[in-house]
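Comments concern the structure below.
The values are calculated or read from the model by the stated rules, or taken from the named source; none is laboratory data. What you see is a predicted model; the values in this text were computed from it and never measured. Cβ: placed from backbone, ideal geometry, glycine included. Neighbour counts: every protein chain shown. Heavy atoms of the whole protein, side chains included, go into the accessibility calculation; ligands, DNA and RNA do not. Shrake-Rupley method; radii C 1.70, N 1.55, O 1.52, S 1.80 Å.
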Amino acid sequence: ILHVINFYHWIVKNPGRKVVGRTVIFGGKAAPSYSKAKLIIRLINSVADVVNNDSRADGKLKVVFIPNYGVSVAEKIIPAADLSEQISTAGTEASGTGNMKLALNGALTMGTMDGANIEIREEVGEENIFIFGMTAEEVEQERKNPSRSPKDIYASNDEVRRTIDSIRNGFFNNGDK
């Protein structure tokens, strides 16, 4: 959703630029006690309300959240996917069998060297998967680097700062911070 927010801001800032239109589909659910997941779902839906109702984004960006995502819903969505973005921090094992199902149905996998992406690369070959980012070992080294704190990244990167600030100031939720 951070990427979607950043892309939305780019569209607004560059109204005359042509872009390939895209629909970003999120699917998920949260257990009753999982408050952080509920907040993320709320954020996705709030961003979708703003983006999908802004004429400047019309034909360029659409955001959809599919609630109660499970196998029955996946059976309908996965065959329609062109691209499977499986982006997690290497070493966290965040990606699972969902991206395998997307790959088996013809979606190109783009992601980090983590979780099921490792097995997919072994099966489809390096030339048929788009891997980027750090390895698990590089992530561990980066975590030890005191000059690369989230605060430093926020302070030094205008896009990151604009994205975070638009959430912080309630832009996507009628002023609700």
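Of note:
- Averaged over residues, the count of other Cβ atoms within 10 Å places the peptides 15-21, 63-69 in the sequence 63-69, 15-21, highest first.
- For a label point 7 Å along the Cα-to-beta-carbon line of V71, residues of region 100-123 with backbone N under 16 Å: 100-102
- Prolate/oblate/rounded label for region 23-177 (Cα gyration tensor, a/c 1.5): oblate
- Annotation: peptides 35-42, 108-115, 96-103, ranked by per-residue average of other Cβ atoms within 10 Å with the highest first, follow the order 108-115, 96-103, 35-42.
- Shape class of region 21-104 from the alpha-carbon gyration tensor: oblate, with a/c at 1.5 or above and b/c at least as large as a/b.
- Extension gain, L104 back to I40 (0.36 nm per residue minus Cα-Cα distance, nm): 20.2 nm
- Test item: Cα-centred dipole of the chain, Lys/Arg +1 and Asp/Glu -1 on Cβ, debye: 980
- Residue-span extension gain [I87 to D176] - 0.36 nm each, minus C-alpha spacing: 29.2 nm
- Only protein heavy atoms count here; on that basis, with a 1.4 Å probe, E126 has an accessible area of about 130 Å².
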